[in-house]
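Student: Before anything else, here's the structure in question.
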Amino acid sequence: MTSSPSESRPLVRVVFCGAVDDGKSTLLGHLLYGTDTATLDEISFVSSAEAIDGKLDYSLFVDGLESEREQGITIDVAHRTLILDSGQRIQLLDSPGHAQYTRNMAVATASADIAVLVIDATRGIRDQSLRHALIAQLMGVRHIVVTLNKLDAVDDVAGAVTALTAEFTERLTAMTHRNVAEDARATVTVIALSGRTGANVIEVEPTFPVGEWPTLFAALEGLSADVRASRSQSDGNDYGNGNGNAPFRMSVHFVNRLKRTRRYLGRLSGRAPEVGTHVTVFPSGESAHIVEVEWASDRSAGSPVSIELDREIDISRGDVIAEAAAYDSLPVFQGFLADVVCLSPDGITLGQTYSLMSGPLEVPCHIDVTRYSVNPETGNQLVGQPLGVNDIARVEVSTSRPIALTTFTESRDTGGFILVNRSTGETVAVGMNRGGLTRKSDVTRHAFTLSRQTRERATGIRGCVLWVTGLPGCGKSTLANALEVELFHQGVHTVILDGDTIRQTLSDDLGFSPEDRSENVRRVSRVAQLLLDTGCVVIVTLVSPYREDRALARGLFADGDFIEVFVDTPVEVCAERDPKGLYARAKQDPTMNLTGVTSPYETPETPELHIDGTAPVTESLARLMAVVNNRRAH
């Protein structure tokens with residue numbers, strides 16, 4: 001049974017942003033107080049607080065945390081509702097200006113339709129102001145209201161407004177021209193005001209210059225109407241900028257198992273589904289027909305919907321149910337371009353595995369390449385710079401399997417994502433998909449006649465990757481050499497990928513930073529993957545100091561094909577052997593990145609083979625041979 005849809009619509013959302021101490025909370029508080037939106041309890045509290053120059057401290061209307069009031073800054077995002085003269089309600093979000101809390105500003109902006117960018121006219125335009133303006137546009141905000149605040153403290157108001165408007169326009173234009181697609185650029189309007197005195201906040205101040213909108217309140221009234229009109233033109237689709245006439249698509253958030261059937265719950269994207277609609281499921285490709293539809297609210301895009309199919313199909317959280325006729329046009333890829341805002345103090349590490357989360361979708365991924373980062377002061381694109389906290393960058397993302405992800409311009413909901421550290425659960429970055437790369441899902445391997453299985457049947461042994469790890473000087477290469485000689489005499493095909501040889505060839509462009517070490521492991525694991533397809537035994541001798549990198553390498557292979565061998569040799573013994581003089585050099589040069597001395601080595605927790613590096617080579621060789629011989633055909 002299909003429930004009757006309501007006529008509810010999400011509120012227009014307005015985020016207040018800008019640099020710290022530019023007066024966002026004061027301006028927002030004055031707006032709430034002047035429109036009688038503040039509660040009596042709030043008015044009583046603010047009235048009893050210490051006044052500032054004989055006027056209420058309007059920031060207290062929104063700075064609710066004790067630490068915010070003590071420090072006089074915004075930390076968390078405050079949500080308030082404002083009723084306009086038209087009777088429409090809008091949601092106001094007060095975001096922090098501190099660079100330390102850029103993540104909170106980004107979260108607030110992710111759902112906003114309008115951004116009020118507050119600039120302290122006495123301080124001028126700061127880098128954080130431009131950073132917020134860029135983030136707002138990248139996150140889909142289509143209207144920016146630039147409020148030149150604290151003009152009551154400026155002698156030449158008209159001159160200051162003219163100069164600041166010209167400077168902001170020039171710098172923002174340069175930044176958006178280089179870094180924001182033309183169809184994603186926001187409209188910009190400037191209002192001269194004072195949040196402390198209330199000039200041009202709600203009532204017009206005759207001594208201040210008049211722009212496109214006479215007051216901030218008038219701008220919010222007019223721009224909110226524009227947002228609602230834009231939503232109406234797209235058939236009421238106010239969910240993530242999507243198209244209400246587009247084919248039905250739904251990402252599955254939850255599978256509800258009933259006695260005799262299953263219901264698939266998600267949020268609607270595209271036009272509303274009907275009983276009888278023919279659908280296909282990604283990634284399985286299985287098809288069915290809808291036999292029942294239930295709505296939690298209205299039928300606009302973004303509304304929760306539950307559907308039942310006419311046959312049992314294996315559908316899980318994160319799968320996509322789409323109209324069968326449009327299934328082939330689903331945006332499916334394994335590599336894509338994205339704009340990211342780095343939120344982690346540790347930055348973003350190229351090659352490190354993160355969890356990409358977009359709605360119900362969760363999939364391992366890594367950043368392959370940073371095409372450029374943006375200098376917020378000049379708008380210039382910087383190449384070759386590491387990505388640190390608050391950096392904005394264009395990157396290439398690779399996922400472990402093909403995913404269906406629209407561009408952010410098409411839909412905020414199905415085109416936006418976050419990157420999460422898989423070990424700590426920390427949100428590392430927020431990202432916006434800008435389009436797929438012709439790199440993975442669009443490339444098909446040629447099916448050669450001689451397969452790995454054919455070669456293995458000929459040799460009588462199943463190939464594998466023996467990933468030999470341990471400290472420098474622990475004996476990895478010595479063991480690998482002995483193993484290869486023994487296997488050669490037995491007619492077994494082998495290849496050794498030795499760390500030193502790799503460093504002189506494939507990875508001669510890499511150093512020994514954590515990022516470069518991770519990239520080295522990534523490259524070697526991919527080469528080992530290709531060599532394994534020939535059916536041979538691949539012996540990798542690589543320090544590979546980080547567990548996460550070794551886990552990433554293991555994830556490229558089928559169960560049983562990746563065998564981790566830990567050569568456990570005390571660092572003192574390694575230093576005594578010191579066949580290449582590395583430990584002696586590290587002792588003289590503390591800046592040298594030598595694993596086990598000046599750089600960490602994370603020992604394997606559950607290797608398939610744990611070898612004592614101080615034992616005789618013949619004894620260790622016998623254990624390695626036993627592993628290989630177990631892979632012979634019986």
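Student: Determine which lysines satisfy two conditions relative to residue 24: a Cα distance under 23 Å, and not lying fewer than 8 residues away in the same chain.
Tutor: 55, 150
Student: Normalised by the residues of the chain, what does the relative contact order come to in percent, with Cα pairs under 8 Å and at least six apart? Provide the component values of the computation, followed by the final result.
Tutor: Numbers: 1319 pairs, mean separation 62.4, N = 634.
Result for the chain is 10 percent.
Student: Still on this structure, please answer the following. What does the accessible area per residue of the chain come to in Å², with a 1.4 Å probe and no ligands, DNA or RNA counted?
Tutor: That works out to 45 Å² per residue.
Student: For residue 344, which sequence-distant residues (separation of 5 or more, or a different chain) have an amide H within less than 5 Å of its own amide H, given hydrogens modelled in the peptide plane?
Tutor: For residue 344, the qualifying residues are 390.
Student: Using only Cα atoms, tell me the angle between helix 514-532 and the longest principal axis of the chain; keep it within 0 to 90° and round to the nearest 10.
Tutor: Here the helix axis deviates by roughly 50 degrees.
Student: Straight-line reach from residue 580: which aspartates and glutamates fall under 19 Å, measuring Cα to Cα and dropping same-chain residues less than 8 apart?
Tutor: Cross-link targets: 498, 500, 508, 568, 572, 589.
Student: Using θ = phi - 60° and the Karplus relation 6.51 cos²θ - 1.76 cosθ + 1.60, list the HN-Hα couplings for region 595-601 in order, rounded to whole Hz, with x at every Gly or Pro.
Tutor: With the stated coefficients, region 595-601 comes to 4, x, 10, 10, 10, x, 10 Hz.
Student: Find which of 521, 505, 586 sits farthest along the positive direction of the dipole of region 463-597, computed with +1 on the beta-carbon of Lys and Arg, -1 on that of Asp and Glu, about the Cα centre.
Tutor: So the residue we want is 586.
Student: Could you tell me the ratio Rg/Rh of the chain? Both radii from Cα atoms, Rh via Kirkwood. The partial results should precede the final answer.
Tutor: Numbers: Rg = 30.1 Å, Rh = 28.3 Å.
My calculation of the ratio gives 1.06.
Student: Of the options 161, 81, 186, report the single residue whose Cα projects farthest towards the positive end of the charge dipole of the chain (beta-carbon charges: Lys, Arg +1; Asp, Glu -1).
Tutor: 186
Student: For a quick check: with amide H placed at 1.01 Å from N, whose amide H comes under 5 Å from residue 596's, ignoring anything fewer than 5 positions away on the same chain?
Tutor: Answer set, sorted by chain and number: 601.
Student: Which ³J(HN,Hα) values, rounded to whole Hz and listed in residue order, are derived for region 27-38 from phi using the Karplus coefficients 6.51, -1.76 and 1.60 in 6.51 cos²θ - 1.76 cosθ + 1.60 with θ = phi - 60°, glycine and proline given as x?
Tutor: Karplus values, whole Hz, x for Gly and Pro: 5, 5, x, 5, 4, 5, 5, x, 9, 6, 8, 5.
Student: Could you list which residues have their amide H under 5 Å from that of residue 382, counting only those 5 or more apart in sequence or on another chain, with H placed in the peptide plane?
Tutor: Residues meeting the amide H criterion: 373, 374, 375.
Student: When only Cα pairs under 8 Å and 6 or more residues apart are kept, what is the percent relative contact order across region 131-260?
Tutor: Numbers: 121 pairs, mean separation 30.3, N = 130.
About 23 percent, as a whole number.
Student: Follow-up. Pull out a ≥ b ≥ c, the square roots of the eigenvalues of the alpha-carbon gyration tensor of region 73-164, then state rounded if a/c is under 1.5, prolate if not and a/b is larger than b/c, and oblate in the remaining case. Please report the intermediate quantities before stating the final value.
Tutor: Details: a/c = 1.82, a/b = 1.31, b/c = 1.39.
Oblate is the answer for region 73-164, as a/c is 1.5 or above yet b/c matches or exceeds a/b.
Student: Considering only protein heavy atoms and a 1.4 Å probe, what is the carbon-and-sulfur percentage of the accessible area of region 522-619?
Tutor: Carbon plus sulfur share of accessible area: 53 percent.
Student: I'd like to know how region 423-526 sits against the 2.2 N^0.38 Å rule of thumb: what's its Cα Rg over that expected value? Present the calculation step by step, with values, prior to reporting the outcome.
Tutor: Numbers: Rg = 19.1 Å, N = 104, 2.2 N^0.38 = 12.8 Å.
Ratio of Cα Rg to 2.2 N^0.38 Å: 1.49.
Student: Which of 199, 29, 54 sits farthest toward the positive end of the charge dipole of the chain, with +1 on the Cβ of Lys and Arg and -1 on the Cβ of Asp and Glu?
Tutor: 29
Student: Hey, what angle do you get for helix 476-489 against the long axis of the chain, alpha-carbon based, 0 to 90 degrees rounded to 10?
Tutor: That works out to roughly 50 degrees.
Student: Taking 0.36 nm per intervening residue step and subtracting the Cα-Cα distance, what contour gain separates residue 513 from residue 197 on full extension?
Tutor: Numbers: separation 316, 0.36 × 316 = 113.76 nm, distance 5.37 nm.
Here the segment from residue 513 to residue 197 would lengthen by 108.4 nm.
Student: Across bins of 5 angstrom width beginning at 0, how are the C-alpha pair distances of region 259-397 distributed, in whole percent?
Tutor: The distribution over region 259-397 is 2, 8, 15, 17, 13, 10, 10, 10, 8, 5, 2, 0, 0, given as percents.
Student: How long is region 299-369 along each principal axis, judged by its Cα atoms, biggest number first, in Å?
Tutor: Cα spread of region 299-369 along its principal axes, largest to smallest: 48, 24, 23 Å.
Student: Where does region 458-515 land on Rg(C-alpha)/(2.2 N^0.38 Å)?
Tutor: Values: Rg = 14.0 Å, N = 58, 2.2 N^0.38 = 10.3 Å.
That ratio works out to 1.36.
Student: Quick one: if you stick a label point 7 Å off each Cα along the C-beta vector at residue 592 and residue 355, how many nm between them?
Tutor: Calculated label separation equals 4.1 nm.
Student: Based on DSSP H runs of at least 4 residues, each adding -39500 (n - 2.57), what is the mean residue ellipticity at 222 nm of the chain after dividing by all its residues, to the nearest 500 deg cm²/dmol?
Tutor: On the way: 16 runs with 173 residues, N = 634.
After summing the helix terms and dividing by residue count, I get -8000 deg cm²/dmol.
Student: Additional query: Using θ = phi - 60° and the Karplus curve 6.51 cos²θ - 1.76 cosθ + 1.60, what whole-Hz ³J(HN,Hα) does each residue of region 394-405 get, with Gly and Pro shown as x?
Tutor: 9, 10, 9, 10, 10, 10, 6, 8, x, 10, 9, 9
The values are calculated or read from the model by the stated rules, or taken from the named source; none is laboratory data. These numbers come from a predicted model, not from an experiment. Because the Cβ atoms are built from the backbone with ideal geometry, glycine has one as well, and the counts that use them run over all protein chains shown. For the accessible areas, the whole protein counts, side chains as well, though only heavy atoms, and no ligand, DNA or RNA atoms are used. Shrake-Rupley method; radii C 1.70, N 1.55, O 1.52, S 1.80 Å.
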